[in-house]
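Report on one structure; see the data block that follows.
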Protein chains: 2
Amino acid sequence: MVDPVSDLVSRARDGQARAVARLISYVEDTSPLLREVTAALAPYAGRAQVIGITGAPGVGKSTSTSALVSEYRSRDLRVGVLAVDPSSPFSGGALLGDRVRMQEHATDPGVFIRSMASRGHLGGLAWATPQAVRVLDAAGFDVVIVETVGVGQSEVEVAGAADTTLVLLAPGMGDGVQSAKAGILEIGDIFVVNKADRDGAEATLRELRHMIALGAGPRSGRSDDRWSPQVLRTVAARGEGITDVVDAIADHHDWLARTGMLAERRRGRAASEIEAIAFATLRARIGDLRGDVRLDALASRVVTGDLDPYSAADTLVSGLSL
Amino acid sequence: MVDPVSDLVSRARDGQARAVARLISYVEDTSPLLREVTAALAPYAGRAQVIGITGAPGVGKSTSTSALVSEYRSRDLRVGVLAVDPSSPFSGGALLGDRVRMQEHATDPGVFIRSMASRGHLGGLAWATPQAVRVLDAAGFDVVIVETVGVGQSEVEVAGAADTTLVLLAPGMGDGVQSAKAGILEIGDIFVVNKADRDGAEATLRELRHMIALGAGPRSGRSDDRWSPQVLRTVAARGEGITDVVDAIADHHDWLARTGMLAERRRGRAASEIEAIAFATLRARIGDLRGDVRLDALASRVVTGDLDPYSAADTLVSGLSL
């Protein structure tokens with residue numbers, strides 16, 4: 001008999017898009033098979049270069065992603081894309097998104113594009129994204145792009161999941177750079193002003209460079225110690241400037257590897273993922289005690305004032321079989 | 001030397017409002033002293049009758065609460081009020097609210113009114129409310145009223161914290177009862193149509209009774225087996241109908257005590273509280289492992305693919321000292 005999980009993993013590694021899609025669905029649905037899937041994927045993971053792309057709605061994230069995919073394909077690299085929509089709790093819209101994005105790369109077996117909805121459950125994105133990245137990584141994609149709209153906490157989570165984070169901006173959006181939250185300066189390794197053929201592009205570039213210089217000021221040191229964020233311009237719809245962006249990503253990756261930061265970032269990411277899983281495990285074990293006679297007995301003693309709830313919680317926790 | 005916590009508890013039990021306020025602040029701030037405070041309060045808790053009041057903005061919750069307080073005072077009972085605002089993350093507004101509400105009962109030592117902001121942290125209200133109720137309960141208030149605006153999850157949490165839940169409505173609010181979420185029918189033990197001197201009051205009462213009858217239909221049985229929700233009318237601003245409401249609350253409390261439901265509700269409440277504390281404890285223990293060599297070592301093995309994150313999480317959990 002064929003083990004369904006290892007069969008699925010080997011088909012995903014053979015480049016079968018449907019097997020990859022199924023594995024990502026396991027992540028989205030927090031399937032009971034996920035533990036087994038993750039174990040089966042682990043030996044093959046850790047090879048892909050993970051790139052995060054974030055930016056406000058309307059800056060051209062999808063167009064830029066599509067242009068980056070084309071550039072990576074011309075360099076003969078296989079590319080997986082996760083388009084994460086933190087605002088959409090339903091996968092319906094996300095699936096429609098897939099088809100629109102797929103147009104250009106639909107017939108290319110070296111490209112896999114998947115939209116993921118965060119399903120509105122707290123921590124869903126932070127928990128699911130590294131696991132979905134691992135699927136694409138283990139399936140043999142050389143580059144994994146995680147694209148998300150920069151709202152609230154999502155851009156920080158994307159930066160947490162990526163080796164290199166690109167922040168996209170466009171000229172003439174409200175107050176330009178000022179309107180972008182100050183937080184983006186902290187998470188961006190590379191800043192891209194897209195739609196750079198439009199009025200105001202120069203002003204946006206200038207403002208951005210100024211803000212980065214201000215932010216970098218006090219912590220200057222030997223040049224190799226820290227990365228100086230790059231500021232680039234593109235017209236993604238015409239493919240202009242995309243080669244420079246891919247070169248800058250490669251430079252950043254080299255810097256990460258040279259300084260040991262790559263290993264450090266990935267270790268931090270793995271530690272967060274382990275913590276999140278450990279936490280979910282413990283939560284489930286406590287939840288299993290619902291209706292258990294031990295919890296009922298403790299609750300009765302708290303009601304009568306014989307025991308305080310903190311001591312009851314200690315007893316409950318010490319009774320967990322770990 | 002006087003132990004500050006037991007001193008504070010004994011001053012709260014002597015009726016000193018400032019000591020009561022301090023203890024509730026410990027709950028709001030999740031003070032490190034909270035464990036000790038909770039243990040010191042436990043022997044004195046479990047005596048108060050806890051009443052939840054919820055309803056949409058504008059139905060007259062504050063006015064109704066104030067009228068109920070007056071009625072309980074005329075029956076010579078001491079009353080504590082927790083006004084919980086789940087939408088306000090800051091205590092500033094809540095403090096201002098205190099003063100406005102305090103006007104009528106400001107000089108009455110038999111009344112304690114406190115506004116609590118939920119501070120926007122998830123589960124804050126569900127976690128903090130039972131602890132704040134315990135402070136008032138242990139301080140010797142005969143009746144504790146928990147008032148909250150009925151938005152999102154908050155009304156369900158109030159019902160969870162109370163022995164008896166009052167749902168307030170007012171005539172002519174949009175589509176009347178229909179506009180109130182269906183959920184309120186499940187949580188209300190007593191329904192009050194306030195501002196009953198206004199146009200549309202009769203229609204609202206009729207509609208409410210109809211919906212309750214529909215909801216009660218399939219699960220009818222012996223009359224004492226289940227509580228038939230009461231539907232009452234008030235004009236709280238003039239004190240009209242308030243005596244009937246307090247009588248109905250007493251009837252409901254008698255029914256709870258007679259059927260054993262009171263003990264069951266309180267046990268369920270205590271179990272939830274114990275779970276929440278146990279969960280927070282475990283979360284803190286995992287958090288303590290940030291930067292620990294064991295977590296770092298596990299993360300390194302996950303990065304190289306030598307170990308999958310679920311197995312790493314198992315190792316982490318089994319290494320926790322409980």
Practice prompt. Could you identify the single residue in A:73, A:35, A:18 that is in a helix (DSSP H, G or I), touching a helix residue (DSSP H, G or I) at 6+ places or on another chain (Cβ under 6 Å) and among the charged types (D, E, K, R)?
Written response: A:35
Worksheet, complete the sentence: If we keep only residues of segment A:203-231 that are surrounded by fewer than 14 Cβ atoms within 10 Å (Cβ to Cβ) and polar (S, T, N, Q), then the residue modelled with the lowest pLDDT is A:220
Worksheet item: If you scan segment A:298-321, which residues turn out to be surrounded by fewer than 16 Cβ atoms within 10 Å (Cβ to Cβ) and farther than 19 Å from residue B:38 by Cα?
Response: A:318, A:319, A:321
Fill in: Count of segment B:38-56 residues which are over 17 Å from the mean Cα position of the chain (by Cα) and more than 9 Å from chain A (Cβ to nearest Cβ)
0
Worksheet item: In segment A:288-322, which residues are within 33 Å of the chain's Cα centre (by Cα) and more than 8 Å from every other protein chain (Cβ to nearest Cβ)?
Response: A:288
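Quick grid of which residues meet (1) touching a Lys or Arg at 6+ places or on another chain (Cβ under 7 Å); (2) touching a residue at least 60 places away in the same chain (Cβ under 8 Å); (3) buried (at least 18 other Cβ atoms within 10 Å of the Cβ); (4) not basic (Lys, Arg):
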position	(1), (2), (3), (4)
A:18	no, no, no, no
A:21	yes, yes, no, yes
A:26	no, no, yes, yes
A:41	yes, yes, yes, yes
A:45	yes, yes, yes, yes
Discussion item. Among the residues in segment A:49-56, are any touching a His at 6+ places or on another chain (Cβ under 7 Å) and modelled with pLDDT of 95 or more?
Written reply: yes
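The values are calculated or read from the model by the stated rules, or taken from the named source; none is laboratory data. Predicted, not measured: the structure shown is a model, and the values here were computed from it. All Cβ positions, glycine included, derive from the backbone under ideal geometry; neighbour counts span all protein chains shown.
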